[in-house]
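**Student:** My questions will all concern the structure given below.
The values are calculated or read from the model by the stated rules, or taken from the named source; none is laboratory data. Computed from a prediction, not measured in an experiment: that's the story for all the values here. As a convention, Cβ positions derive from the backbone with ideal geometry for all residues, glycine included, and neighbour counts pool all protein chains shown.
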Amino acid sequence: MKRRTLLKSLSALALPAVAGNLWAAPASKTRLLFVFMRGGYDATNLLVPISSQYYYQVRPNIAVPKPSADLNSALPIDSDWGLHPALRDSIYPLFTAGQATFVPFAGTEDISRSHFETQDSIELGQALDRTRDYRSGFLNRLAQTLTADKASAISFTDQLPLVMQGGVQLPNMALRTIAKPSVDARQARLISAMYDGSALSQPVRDGFAVREDVMKEMIGEMDAANRNAITAKGFELEARRIAKLMKDKYNIGFVDVGGWDTHVGQGGATGYLAGRLDELGRGLAGFAQEMGPDWKDTVVIVVSEFGRTFRENGNRGTDHGHGTVYWVLGGGVQGGKVRGEQIRLEQATLFQNRDYPVLNEYRAMFGGLLARMYGLNAGQVEQIFGTRGRDIGLV
């Protein structure tokens, strides 16, 4: 093999990023999928504050209309909130079935409004006022906290994200495109032999093993796709692939979805953002469907680094904000209502006269949720997040 081909092949492996022990297949039925909407989505048009007249005053071009018989109006949730109509056939049925909830005024204390800084802050899950370890993400610390027979984690991404980096060796493998491997079995054995006796010997072997397992799981789907049996595109197809793997092999997963930075031409009930929400919603509903009976033991958390400005800008879009809305879905979720601390949205209650304030700090909220899911004690929650958990009744 040429050196360039070898290096390219190695970079594509599901290799762990750090030293440690790779967890075995899970014995626990509890499954967690963490979905990161990268780009800072406009949560104000996702969970529409229909009781706020100020919302309609400052969004003359992109506001989502109040619930009505019009199919392009918000879907009714309660007297204060409506849901974007793009989720009518995907997330709304889960919500009405009590399997989805939303937490507004959620987020981090990071007020930089920088995509990269705030994404890092969330993925690290560490206090901003202390020395931070940039090689330790909170999902990796969760995997360390759980016993080996309860944690088998994987990132469904091209590169191992910060949230999955740390003291436990975790793999990553993108499922957006599944095709014939660039390295066949014979080449894999040759590459593994090159590293025999070195510190990378086991990680290289583990990387090939993960890739082989994933390919075996997906081969049936690929054959079906060649016969036009699968017509889903984009995130929905990826989400269904993730579900197939999490049912049998992994119980902690991470995936990210980009394209949420809507400075220009965002749209309201229809348009660019509506299309993105429709795609995400169909993917999450497809994931739930694919999980089948295991959906009752599954929790999906959907976050973004921050929300966006409450007012629309001059380009009929929105700019970087602060507080946002998190989604929590699952067969065992206490859904059907909006959760967490809330305030009425008026000009006087905005953060710095422009954004959602953060009333539901994400580390405390996730700590309370994971404590309920996995039976963690207060000390274990503090090991993961550096703070005590806050149970807001999500599960």
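**Student:** Take I242 and tell me if it is at pLDDT 60 or above and either within 30 Å of V333 (Cα to Cα) or within 17 Å of the chain's Cα centre (by Cα) (or both). Walk me through it before giving the result.
**Tutor:** On the way: at pLDDT 60 or above: yes; either within 30 Å of V333 (Cα to Cα) or within 17 Å of the chain's Cα centre (by Cα) (or both): yes.
For I242, the condition - at pLDDT 60 or above and either within 30 Å of V333 (Cα to Cα) or within 17 Å of the chain's Cα centre (by Cα) (or both) - is met.
**Student:** Still on this structure: Suppose we filter the stretch 128-173 for residues that are touching a helix residue (DSSP H, G or I) at 6+ places or on another chain (Cβ under 7 Å) and among the β-branched types (V, I, T); how many remain?
**Tutor:** Going through the stretch 128-173 one residue at a time, the tally reaches 3.
**Student:** Go through (1) touching a helix residue (DSSP H, G or I) at 6+ places or on another chain (Cβ under 8 Å); (2) under 17 Å from V48 (Cα atoms) and name the single condition T309 misses.
**Tutor:** (1)
**Student:** Turning to a different aspect of this structure: Could you check the stretch 67-177 for helices (runs of 4 or more DSSP H) lying wholly inside it with 1 or more residues that are under 17 Å from the mean Cα position of the chain (by Cα) and of a type in the set (S, T, Y)?
**Tutor:** Numbers: elements: 91-96, 115-124, 138-145.
Passing ranges, in order: 115-124.
**Student:** Could I ask something else about it? Working only within the stretch 290-329, note down all residues that are in contact with a Lys or Arg (Cβ under 8 Å, 6 or more places away or on another chain) and under 14 Å from A100 (Cα atoms).
**Tutor:** Residues satisfying the conditions are D297, T298, V299, V328.
**Student:** Taking V333 as meeting all but one of (1) among the aliphatic types (A, V, I, L, M); (2) out of contact with any Leu (no Cβ under 8 Å at 6 or more places or on another chain); (3) within 22 Å of E236 (Cα to Cα), write down the number of the exception.
**Tutor:** (2)
**Student:** Can I ask one more? Any chance the stretch 298-316 includes a residue that's within 21 Å of G107 (Cα to Cα), modelled with pLDDT of 95 or more and among the small types (G, A, S)? Break it down stepwise before answering.
**Tutor:** Here is the first cut: in the stretch 298-316, the residues within 21 Å of G107 (Cα to Cα) are 299-312.
Remaining after also requiring modelled with pLDDT of 95 or more: 299-312.
Those still in the list that are among the small types (G, A, S) too: 304, 307.
For the stretch 298-316, residues within 21 Å of G107 (Cα to Cα), modelled with pLDDT of 95 or more and among the small types (G, A, S): present.
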